[in-house]
Amino acid sequence: MHTQRILIAGCGDVGSALGLELIEAGHFVQGLRRTINQLPAGIHGIAADLTDPQSLRELPPCDLLVYCTAASQHDEAGYRAAYVDGLSNLLQALPAPPRHLIFTSSSGVYHQADGRWVDEASATEPDRFSGRIMLEAEQLALNSGIPATVVRFSGIYGPGRNHLLNQVRSGIAAPAEPPHYGNRIHRDDCAGVLAHLIARVLEERPLEPLYLASDDAPAPLHEVMEWLAAELGITIGERRSIRRGGSKRCRNTRLKASGYRFRYPDYKAGYRAILDHL
Ligand SMILES: NC(=O)c1ccc[n+]([C@@H]2O[C@H](COP(=O)([O-])OP(=O)(O)OC[C@H]3O[C@@H](n4cnc5c(N)ncnc54)[C@H](OP(=O)(O)O)[C@@H]3O)[C@@H](O)[C@H]2O)c1
């Protein structure tokens, strides 16, 4: 396989983990972000702001583009800037179209909130601006004229993402009734899924336009938190409703049918690895 020039735009937690895997596989990886001193060694930094077209002049060509920027401002303007305007600016600035574009989206595009299963064929009628803007960005990627794949991640957890753990540590868990289903994917599986799809592109095997990337075990939040509490030896003293998107269960059948094997198939495997390293 020839070395590919892979540009990761928004090279943060997931992008950096992906970049390191791609370097390991022999590729030349460039990571675009505003603060490139945060990039791991081996990833070639491009210091640029996706919302500022001036800073995107003189971008080098790439064979594959992964767009995995996250909004740093959590309002409508911030989402539009990061996902729609940023992608549009980048596509206009690239000196030549890449062979393939992967856009990382979110399971936040689903509106379903009654615990039902959702997959790539499910309706998406988000009531929040975040979901609506993400859908708009997905369409921008899919209609860009470049062969494109959208990957919808569910809730990403992993090293350094300690919000849920910290709540459990302070004795808080979600109420058991009504059960609120949450969906997760470990950061290393996010990188693994993207690397897997890139490998398929390079093998010239067909890809679907859309994959929902979430582990095998959607579970009610209270169950996850109670399990963590037991692992940490903590007694739950308070039940507090924790809003984490609509209650739904993400089906990963399509992703697994493409040949992906999860490193952390469920939250127990993923959190055990995190707890072991604390
Ligand atoms: N968190 C979740 O649970 C979740 C769930 C579903 C989907 N996702 C999606 O998964 C993807 C990866 O997320 P992540 O956790 O890796 O995010 P992250 O660690 O926050 O990384 C995002 C990167 O984007 C860069 N960035 C933001 N604005 C930029 C701009 N204007 N110009 C250039 N770079 C910019 C940031 O770097 P600088 O600040 O240095 O520019 C940062 O390195 C994102 O698309 C996110 O929306 C996340």
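What follows is calculated from the coordinates using simple rules that are stated; it is not laboratory data. Worth saying up front: this structure is predicted, and the values here are computed from it rather than measured. Cβ placement follows ideal geometry from the backbone for every residue including glycine, while neighbour counts extend to all protein chains displayed.
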Rounded to the nearest 10 degrees, the helix 267-276 long axis (Cα) sits at an angle to the longest Cα principal axis of the chain of 90
Helix 221-232: inclination vs the chain longest Cα principal axis, degrees, rounded to 10, gives 80
Of all DSSP beta bridges having both residues in segment 130-235, the percent classed as antiparallel (nearest 5) is 30
What one gets for segment 182-278 as the Kirkwood radius, inverse of mean 1/r over different Cα pairs in Å, is 15.1
Relative contact order as a percentage, the chain, C-alpha pairs under 8 Å and 6+ apart, gives 18
On each of the three principal axes the extent of the alpha-carbon atoms of the chain, given in whole Å and largest first, is 57, 39, 36
FRET efficiency for ALA93 and LEU232 from the Cβ-Cβ distance with R0 = 41 Å, rounded to 0.05, comes out at 0.30
The helix 187-202 Cα axis meets the longest alpha-carbon principal axis of the chain at an angle in degrees, between 0 and 90 and rounded to 10, of 40
Under the Karplus relation with 6.51, -1.76 and 1.60 and θ = phi - 60°, whole-Hz ³J(HN,Hα) for segment 19-26, x at Gly and Pro, equal x, 5, 5, 6, 5, 4, 7, x
For the pair SER72 and ALA25, the simple spin-label estimate (label points 7 Å beyond Cα toward Cβ) gives in nm 2.9
Other residues with Cβ under 14 Å from the Cβ of VAL109 give, with Lys and Arg +1 and Asp and Glu -1, a net charge of -2
With label points set 7 Å from each Cα along the Cα-to-Cβ direction at ILE36 and GLU204, the distance between them in nm comes to 3.4
Rounded to a whole number, the Stokes-Einstein D of segment 1-128 in µm²/s (Kirkwood radius over Cα pairs; 37 °C; 0.692 mPa s) is 208
